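The values are calculated or read from the model by the stated rules, or taken from the named source; none is laboratory data. Just so we're clear, the structure is a prediction, and the values are computed from it rather than from any experiment. Virtual Cβ from ideal backbone geometry, glycine too; neighbours counted across all protein chains shown. Heads up: the accessible areas ignore ligands, DNA and RNA and are worked out on the full protein's heavy atoms, side chains in. Shrake-Rupley method; radii C 1.70, N 1.55, O 1.52, S 1.80 Å.
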Amino acid sequence: MKKFIEYLKNCWKVEDLRQRILITLLFVTVYRFGSFVVLPGINPGMLEKLQSQTAGGLMSLLDMFSGGAFSNASIFALGIMPYISASIVMQLLAVAVPYFQKMQREGESGRKKINWYTRILTVGILMFQAPSYLINLKMQASAALATGVSWTVFMVPATIILAAGSMFILWLGERITDKGIGNGISLIIMVGIIARLPQAFFQEVTSRFTAITGGGLVMFIAEIVILYAVVCASILLTQGVRKVPVQYAKRLVGNQQYGGARQYIPLKLFAANVMPIIFAQALMFLPLAVVQYSTDSTSTVLQQLLDNRSLLYNVIYVFLVIAFTYFYTAITLNPTQMAEDMKRNNGFIPGIKPGKPTADYIDTVMSRITFPGSLFIAFIAIMPALASLLNVQQAFSQFFGGTSLLILVGVVIDTLQQIESHLMMRHYDGLLNSGHTRNGGVSAY
């Protein structure tokens, strides 16, 4: 505790760091305030059915990522997720389309063009998601609209307001990145998630100590121990284990690189980090869009796809996580490029010929070490569903794994690292002196 207090004092002493932290807090406060500003013409007292709908299933995840704005019919109801979806699409296009591949290699100018295309795509996604949200709002809370105003007339300005709200959140995130501390988009997602934690924790404590089959103190302590273990595993995942199996590590050495110094090829057990879960989760949200326009929204299959605790949902979810782990690892670690870089620097793998044989060998090793990593990521992804088997309340079970926990852990570590770097530049002691988290964090996207 003493070290933590000293750490806060050091943060306050550095003027630039103090200003960045205050600016970050200001923008975060603006975001949280906007989460409670209801759409014009909507009576917040008539949203009980909408709030009940977002208490479970995939709707609860959407509400969590928006910090409760979804269930409040807020101007920020769609949150930052449309931008995340657009970013994922642009990453896929950068792999599959030569035009975007060339743009990605153009450096800063190419990055600006990609960001511009991402914003345009975000607006396009918002033009689809905003009406879908309003259609659902009409179905769940038709009486919430002001008297004398028709839904047909209301949907046009409401769509513009929802789209503008999401773009304003994006602007806030970019300002936090430029003027504040940490990755702004990631921080906004984290704030939305963590805003639900106090209420979820209180509900879980109440259910354990009041229900007849709650289990009382023993079960609650067991939950906390399991949660602690999952958090530690998530830290391991977000930090990225850089060791490969021993039988490969001895051979993955370049003996002649940089003056004869031994250089290990930078392979990670979890090279994809949290991205496979985000990709898979984005696809699992598709049934929510389908149900708005489906004539048979009560079908058994569709209902299971809307329940993130069902067997069908989790089987498909695990398959997608594993598939995207391989996919994202393949696009981030290019064996051919690594083999060419080794050859260019006079490096080699003992017993393996340079060029294509080296690329094939690295690809084989990557495939073998990616498999256990993908299984571990899939296990973290379905932990909320496993926690529900222990009668954990759904709101609290979301913090046992999945995208929410990995984002929380990754963003906290990434932000602390940036604060640490500011303190070290001024020769102040930081909170992470042990060095456990200096190897790189992870952003939410």
> Taking the Cα centre of segment 22-137 as origin and charging only Cβ (+1 Lys, Arg; -1 Asp, Glu), how large is the dipole, in debye to the nearest 20?
Replying inline: 400 debye
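Just to confirm, what accessible area per residue do you get for segment 61-104 at 1.4 Å probe, in whole Å²?
With all protein chains present, segment 61-104 gives 31 Å² per residue.
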> With every protein chain present, what accessible area does PHE399 have (1.4 Å probe, heavy atoms only), rounded to the nearest 10 Å²?
Replying inline: 10 Å²
> When all protein chains stay in place, what accessible area (Å², nearest 10, 1.4 Å probe) is found for LYS102?
Replying inline: 130 Å²
> Any idea what log10 I(q)/I(0) is at q = 0.10 Å⁻¹ for segment 311-435, Debye with uniform C-alpha scatterers and no solvent?
Replying inline: -0.56
> Per the Cauchy relation, a quarter of the hull surface: what is the mean projected area of the convex hull of the alpha carbons in segment 1-86, in nm²?
Replying inline: 8.7 nm²
>> For a quick check of understanding: with a 1.4 angstrom probe and all protein chains in place, what accessible area in square angstrom does MET425 have, to the nearest ten?
In response: 130 Å²
> Considering only the other residues whose Cβ falls under 12 Å of the Cβ of ALA73, what net charge follows from Lys and Arg at +1 and Asp and Glu at -1?
Replying inline: 0
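Rank these by accessible area, largest first, 1.4 Å probe: CYS11, CYS232.
The ranking, largest first, comes out as CYS232, CYS11.
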> Going by accessible area, probe 1.4 Å, with all protein chains left in place, what is the ranking of TYR361, TYR99, largest first?
Replying inline: TYR99, TYR361
> Per q in 0.09, 0.14, 0.17, 0.21 1/Å, what log10 I(q)/I(0) does a Debye calculation on the alpha-carbon atoms of segment 43-199 return?
Replying inline: -0.35, -0.77, -1.03, -1.34
> Could you give me the ³J(HN,Hα) list for segment 91-97, computed from phi with Karplus coefficients 6.51, -1.76, 1.60 and θ = phi - 60°, whole Hz, x at Gly and Pro?
Replying inline: 5, 5, 5, 5, 8, 9, 10
>> Calculate the FRET efficiency for ARG344 and ARG119 from the Cβ-Cβ distance with a Förster distance of 45 Å, rounded to the nearest 0.05.
In response: 0.75
> Tell me, what ³J(HN,Hα) does each residue in segment 338-348 have, in order and in whole Hz, if you take phi through Karplus 6.51 cos²θ - 1.76 cosθ + 1.60 with θ = phi - 60° and put x for Gly and Pro?
Replying inline: 5, 5, 5, 5, 4, 5, 5, 9, 6, x, 7
> Which length gain, in nm to one decimal place, applies between ASP178 and LEU390 when the Cα-Cα distance is subtracted from 0.36 nm times their residue separation?
Replying inline: 72.0 nm
> Per-residue HN-Hα couplings for segment 140-154, Karplus 6.51 cos²θ - 1.76 cosθ + 1.60 at θ = phi - 60°, whole Hz, x for Gly and Pro?
Replying inline: 8, 9, 5, 6, 6, 6, 4, 4, x, 10, 8, 5, 4, 6, 5
